[in-house]
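Step one of this worksheet: look at the structure below.
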Amino acid sequence: MIIITNDKVDSGREDGRAFDEIRSLKIEAGVLKRADGSAYLEVGGNKIIAAVYGPRESYIRRLLRPDTGVIRCRYNMAPFSVDDRKRPGPDRRSTEISKLTAEALRPSLLLEEFPRSMVDVYIEVIEAEGGTRCAGITAAAVALADAGIPMKDIVVGCAAGKNNNEIVLDLSEVEDKEGQADVPVAIMPRTGEVTLLQSDGNLTEEEFNKALDLAIEGCMRISEVQREALKAKYGE
Ligand code: UDP
(Lines give C-alpha, C1' and ligand atoms only; values in the text may rest on other atoms or scores of the structure.)
Protein backbone atom coordinates (compact mmCIF):
# COMPACT_ATOMS: atom_id res chain seq x y z
CA MET A 1 0.00 0.00 0.00
CA ILE A 2 1.41 3.38 -1.02
CA ILE A 3 0.68 6.39 1.13
CA ILE A 4 1.27 10.07 0.37
CA THR A 5 1.35 12.05 3.60
CA ASN A 6 1.61 15.78 3.87
CA ASP A 7 3.52 17.92 6.32
CA LYS A 8 1.47 20.85 7.50
CA VAL A 9 2.57 24.30 6.32
CA ASP A 10 0.93 27.66 6.92
CA SER A 11 -0.86 28.37 3.63
CA GLY A 12 -4.17 29.92 4.61
CA ARG A 13 -6.05 26.75 3.61
CA GLU A 14 -8.28 25.39 6.37
CA ASP A 15 -6.18 22.23 6.70
CA GLY A 16 -2.84 23.97 6.19
CA ARG A 17 -2.09 22.50 2.76
CA ALA A 18 -0.14 24.40 0.10
CA PHE A 19 -2.32 25.58 -2.82
CA ASP A 20 -1.00 22.75 -5.02
CA GLU A 21 -1.01 19.98 -2.43
CA ILE A 22 -3.29 16.96 -2.49
CA ARG A 23 -4.64 15.39 0.68
CA SER A 24 -3.09 12.25 2.18
CA LEU A 25 -3.80 9.45 -0.26
CA LYS A 26 -3.67 5.69 -0.18
CA ILE A 27 -4.87 3.13 -2.67
CA GLU A 28 -4.99 -0.64 -2.39
CA ALA A 29 -5.85 -2.97 -5.28
CA GLY A 30 -7.77 -6.23 -4.96
CA VAL A 31 -9.39 -5.80 -1.57
CA LEU A 32 -12.50 -7.92 -2.21
CA LYS A 33 -12.53 -11.68 -2.82
CA ARG A 34 -15.80 -12.02 -4.67
CA ALA A 35 -15.71 -9.23 -7.21
CA ASP A 36 -13.64 -9.73 -10.39
CA GLY A 37 -11.68 -6.60 -9.50
CA SER A 38 -11.66 -4.12 -6.65
CA ALA A 39 -9.86 -1.24 -4.99
CA TYR A 40 -9.97 0.73 -1.77
CA LEU A 41 -9.04 4.40 -1.72
CA GLU A 42 -8.67 6.99 1.00
CA VAL A 43 -8.02 10.63 0.21
CA GLY A 44 -8.32 13.03 3.12
CA GLY A 45 -11.52 11.99 4.89
CA ASN A 46 -12.92 10.08 1.89
CA LYS A 47 -13.15 6.31 2.12
CA ILE A 48 -14.23 4.60 -1.09
CA ILE A 49 -14.54 1.02 -2.32
CA ALA A 50 -14.83 0.20 -6.02
CA ALA A 51 -15.81 -3.23 -7.30
CA VAL A 52 -16.01 -4.57 -10.86
CA TYR A 53 -17.90 -7.51 -12.37
CA GLY A 54 -17.27 -8.60 -15.93
CA PRO A 55 -16.90 -8.60 -18.78
CA ARG A 56 -19.83 -11.03 -18.80
CA GLU A 57 -22.53 -11.69 -21.36
CA SER A 58 -25.10 -8.93 -21.27
CA TYR A 59 -28.38 -10.16 -19.82
CA ILE A 60 -30.05 -6.80 -20.42
CA ARG A 61 -31.31 -6.86 -23.98
CA ARG A 62 -31.68 -3.13 -24.44
CA LEU A 63 -28.02 -2.59 -23.45
CA LEU A 64 -26.59 -5.37 -25.61
CA ARG A 65 -24.36 -4.13 -28.44
CA PRO A 66 -23.31 -6.66 -31.10
CA ASP A 67 -20.11 -4.71 -31.92
CA THR A 68 -18.76 -3.87 -28.44
CA GLY A 69 -19.04 -4.35 -24.71
CA VAL A 70 -20.69 -1.71 -22.53
CA ILE A 71 -19.73 -0.27 -19.16
CA ARG A 72 -22.27 0.61 -16.48
CA CYS A 73 -21.42 2.42 -13.25
CA ARG A 74 -23.28 2.91 -10.02
CA TYR A 75 -22.00 5.56 -7.61
CA ASN A 76 -23.59 5.29 -4.17
CA MET A 77 -23.12 7.20 -0.94
CA ALA A 78 -23.73 5.21 2.22
CA PRO A 79 -26.32 6.76 4.59
CA PHE A 80 -23.55 7.10 7.20
CA SER A 81 -21.01 8.68 4.82
CA VAL A 82 -22.05 12.28 5.51
CA ASP A 83 -22.91 14.39 8.57
CA ASP A 84 -26.67 14.34 8.05
CA ARG A 85 -27.78 10.75 7.40
CA LYS A 86 -28.18 10.43 3.64
CA ARG A 87 -31.47 8.96 2.48
CA PRO A 88 -30.57 5.56 0.97
CA GLY A 89 -31.10 4.96 -2.72
CA PRO A 90 -30.37 6.84 -5.92
CA ASP A 91 -30.99 10.57 -6.26
CA ARG A 92 -30.31 13.18 -8.93
CA ARG A 93 -26.73 13.72 -7.84
CA SER A 94 -25.77 10.02 -7.69
CA THR A 95 -27.46 9.37 -11.05
CA GLU A 96 -25.43 12.19 -12.60
CA ILE A 97 -22.16 10.98 -11.04
CA SER A 98 -22.84 7.37 -12.11
CA LYS A 99 -23.30 8.52 -15.69
CA LEU A 100 -20.27 10.79 -15.84
CA THR A 101 -18.12 8.10 -14.20
CA ALA A 102 -18.99 5.61 -16.95
CA GLU A 103 -18.23 8.30 -19.55
CA ALA A 104 -14.91 9.16 -17.90
CA LEU A 105 -13.78 5.51 -17.81
CA ARG A 106 -15.13 4.25 -21.15
CA PRO A 107 -12.49 5.82 -23.46
CA SER A 108 -9.71 3.89 -21.69
CA LEU A 109 -11.29 0.44 -22.08
CA LEU A 110 -10.91 -1.85 -25.10
CA LEU A 111 -14.55 -2.88 -24.90
CA GLU A 112 -14.75 -3.71 -28.60
CA GLU A 113 -12.82 -6.88 -27.72
CA PHE A 114 -15.91 -8.02 -25.78
CA PRO A 115 -18.98 -7.66 -28.03
CA ARG A 116 -22.35 -8.44 -26.41
CA SER A 117 -20.83 -8.15 -22.94
CA MET A 118 -21.08 -5.73 -20.07
CA VAL A 119 -18.81 -4.52 -17.32
CA ASP A 120 -20.43 -3.35 -14.09
CA VAL A 121 -18.62 -0.92 -11.80
CA TYR A 122 -19.90 -0.23 -8.29
CA ILE A 123 -18.53 2.71 -6.32
CA GLU A 124 -19.46 2.82 -2.65
CA VAL A 125 -18.63 5.99 -0.74
CA ILE A 126 -18.31 4.90 2.87
CA GLU A 127 -17.17 8.28 4.15
CA ALA A 128 -17.30 11.52 2.16
CA GLU A 129 -15.22 14.63 2.54
CA GLY A 130 -15.29 16.47 -0.79
CA GLY A 131 -14.12 15.27 -4.19
CA THR A 132 -15.84 11.90 -4.15
CA ARG A 133 -16.65 11.83 -7.88
CA CYS A 134 -12.96 12.12 -8.81
CA ALA A 135 -11.86 9.74 -6.05
CA GLY A 136 -14.52 7.25 -7.21
CA ILE A 137 -13.21 7.38 -10.79
CA THR A 138 -9.62 6.89 -9.56
CA ALA A 139 -10.63 3.87 -7.44
CA ALA A 140 -12.79 2.40 -10.21
CA ALA A 141 -9.93 2.58 -12.74
CA VAL A 142 -7.71 0.56 -10.37
CA ALA A 143 -10.54 -1.95 -9.84
CA LEU A 144 -10.95 -2.30 -13.64
CA ALA A 145 -7.22 -2.97 -14.01
CA ASP A 146 -7.44 -5.46 -11.11
CA ALA A 147 -10.27 -7.21 -12.97
CA GLY A 148 -7.93 -7.62 -15.94
CA ILE A 149 -10.08 -5.60 -18.33
CA PRO A 150 -7.87 -4.66 -21.30
CA MET A 151 -7.27 -0.94 -21.26
CA LYS A 152 -5.02 1.58 -22.95
CA ASP A 153 -4.59 3.70 -19.84
CA ILE A 154 -5.61 3.97 -16.18
CA VAL A 155 -7.99 6.92 -15.87
CA VAL A 156 -7.40 9.18 -12.89
CA GLY A 157 -9.44 12.03 -11.41
CA CYS A 158 -8.74 15.10 -9.31
CA ALA A 159 -10.50 18.42 -8.75
CA ALA A 160 -9.18 21.93 -8.40
CA GLY A 161 -11.19 25.00 -7.52
CA LYS A 162 -11.34 28.45 -6.04
CA ASN A 163 -11.54 29.25 -2.36
CA ASN A 164 -10.68 32.52 -0.58
CA ASN A 165 -9.89 33.95 -4.06
CA GLU A 166 -7.10 31.39 -4.55
CA ILE A 167 -6.99 28.58 -7.11
CA VAL A 168 -6.29 25.45 -5.07
CA LEU A 169 -5.88 21.73 -5.72
CA ASP A 170 -8.03 18.90 -4.35
CA LEU A 171 -10.78 20.77 -2.48
CA SER A 172 -11.81 19.46 0.91
CA GLU A 173 -15.50 19.35 1.82
CA VAL A 174 -15.28 22.75 3.57
CA GLU A 175 -13.46 24.28 0.60
CA ASP A 176 -16.00 22.75 -1.77
CA LYS A 177 -18.98 24.05 0.21
CA GLU A 178 -17.61 27.48 1.10
CA GLY A 179 -15.54 27.96 -2.03
CA GLN A 180 -16.28 29.93 -5.17
CA ALA A 181 -15.73 27.20 -7.78
CA ASP A 182 -15.05 23.50 -8.29
CA VAL A 183 -13.47 21.97 -11.42
CA PRO A 184 -13.46 18.14 -11.34
CA VAL A 185 -11.22 16.62 -14.03
CA ALA A 186 -10.33 13.09 -15.16
CA ILE A 187 -7.63 12.25 -17.67
CA MET A 188 -5.83 9.39 -19.36
CA PRO A 189 -2.35 10.22 -18.10
CA ARG A 190 -0.35 8.68 -20.97
CA THR A 191 -1.89 10.95 -23.59
CA GLY A 192 -3.28 13.69 -21.36
CA GLU A 193 -6.71 13.16 -22.96
CA VAL A 194 -9.42 14.67 -20.75
CA THR A 195 -12.34 12.29 -20.09
CA LEU A 196 -14.20 14.39 -17.49
CA LEU A 197 -14.38 18.14 -17.20
CA GLN A 198 -16.98 19.92 -15.10
CA SER A 199 -17.03 23.44 -13.77
CA ASP A 200 -19.30 24.66 -11.03
CA GLY A 201 -19.13 28.29 -9.85
CA ASN A 202 -17.63 31.44 -11.30
CA LEU A 203 -14.13 31.60 -12.75
CA THR A 204 -12.44 33.95 -15.20
CA GLU A 205 -10.88 32.29 -18.25
CA GLU A 206 -7.46 32.69 -16.66
CA GLU A 207 -8.64 31.15 -13.38
CA PHE A 208 -10.33 28.29 -15.21
CA ASN A 209 -7.13 27.51 -17.14
CA LYS A 210 -5.12 27.62 -13.93
CA ALA A 211 -7.58 25.29 -12.17
CA LEU A 212 -7.52 22.89 -15.13
CA ASP A 213 -3.69 22.81 -15.22
CA LEU A 214 -3.56 22.29 -11.46
CA ALA A 215 -6.14 19.48 -11.57
CA ILE A 216 -4.14 17.75 -14.34
CA GLU A 217 -0.99 18.07 -12.21
CA GLY A 218 -2.90 16.47 -9.31
CA CYS A 219 -4.08 13.66 -11.63
CA MET A 220 -0.48 12.93 -12.67
CA ARG A 221 0.57 12.59 -9.02
CA ILE A 222 -2.39 10.38 -8.12
CA SER A 223 -1.67 8.26 -11.20
CA GLU A 224 1.69 7.27 -9.68
CA VAL A 225 -0.10 6.00 -6.58
CA GLN A 226 -2.56 3.99 -8.71
CA ARG A 227 0.35 2.33 -10.51
CA GLU A 228 2.18 1.62 -7.24
CA ALA A 229 -0.99 0.02 -5.83
CA LEU A 230 -1.19 -2.30 -8.85
CA LYS A 231 2.54 -3.04 -8.69
CA ALA A 232 2.20 -3.87 -4.98
CA LYS A 233 -0.34 -6.54 -5.92
CA TYR A 234 1.00 -7.79 -9.24
CA GLY A 235 4.68 -6.79 -9.26
CA GLU A 236 6.21 -4.94 -12.21
N1 UDP B 1 -22.06 15.88 0.52
C2 UDP B 1 -22.90 15.75 1.61
N3 UDP B 1 -24.17 15.25 1.39
C4 UDP B 1 -24.62 14.90 0.15
C5 UDP B 1 -23.76 15.07 -0.94
C6 UDP B 1 -22.49 15.57 -0.73
O7 UDP B 1 -22.52 16.04 2.73
O8 UDP B 1 -25.77 14.46 0.01
C9 UDP B 1 -20.69 16.37 0.76
C10 UDP B 1 -19.66 15.26 0.55
O11 UDP B 1 -18.60 15.40 1.47
C12 UDP B 1 -19.17 15.56 -0.84
C13 UDP B 1 -19.19 17.09 -0.83
O14 UDP B 1 -20.38 17.41 -0.15
O15 UDP B 1 -17.89 15.02 -1.05
C16 UDP B 1 -19.16 17.73 -2.19
O17 UDP B 1 -20.18 17.22 -2.97
P18 UDP B 1 -20.22 17.42 -4.55
O19 UDP B 1 -21.65 17.22 -4.99
O20 UDP B 1 -19.52 18.67 -4.93
O21 UDP B 1 -19.41 16.16 -5.13
P22 UDP B 1 -17.93 15.67 -4.87
O23 UDP B 1 -17.07 16.88 -4.53
O24 UDP B 1 -17.99 14.69 -3.74
O25 UDP B 1 -17.51 15.03 -6.16
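The values are calculated or read from the model by the stated rules, or taken from the named source; none is laboratory data. If you're wondering where the values come from, they're calculated on a predicted model, not measured in any experiment. Here the Cβ is made from the backbone with ideal geometry for all residues, glycine too, and neighbour counts use every protein chain on show. What goes into the accessible areas is simple: the full protein's heavy atoms, side chains included, and nothing from ligands, DNA or RNA. Shrake-Rupley method; radii C 1.70, N 1.55, O 1.52, S 1.80 Å.
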Expected field for Leu32, accessible surface area in Å² at 1.4 Å probe radius, rounded to 10, holds 70
With a 1.4 Å probe and all protein chains kept in place, how much accessible area does Arg56 have, in Å² rounded to the nearest 10? 90
Descending semi-axes in whole angstrom, ellipsoid equivalent of the chain, from the Cα gyration tensor: 29, 18, 18
On the protein heavy atoms, probe 1.4 angstrom, tell me the percent of accessible surface of the chain carried by carbon and sulfur. 48
Would you give the gap between the C-alpha center of the range 162-192 and the C-alpha center of the range 92-139, rounded to a whole Å? 19
Taking a probe of 1.4 Å, how large is the accessible area per residue of the range 2-234, in Å²? 49
Non-local Lys pairs in the chain, i.e. 8 or more apart or on different chains, that have alpha carbons under 25 Å apart: 29
Note on the range 27-167: C-alpha Rg/Rh, Kirkwood Rh, two decimals, gives 1.00
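For Glu228, what charge total do you get from the other residues with a beta carbon under 12 Å from its beta carbon, if Lys and Arg give +1 and Asp and Glu give -1?
That sum, taken over residues with Cβ under 12 Å, equals +2.
Return the calculated 222 nm mean residue ellipticity for the chain, to the nearest 500 deg cm²/dmol, obtained by summing -39500 (n - 2.57) across DSSP H runs with n ≥ 4 and dividing by the residue count.
-9000 deg cm²/dmol
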If we count chymotrypsin sites (Phe, Trp or Tyr not before Pro) as exposed when they sit in a DSSP loop and have at most 16 other beta carbons within 10 Å, what is the longest stretch of the chain that avoids them all? 81-236
Solvent exposure ordering (accessible area, 1.4 Å, most first) of Lys177, Lys231: Lys177, Lys231
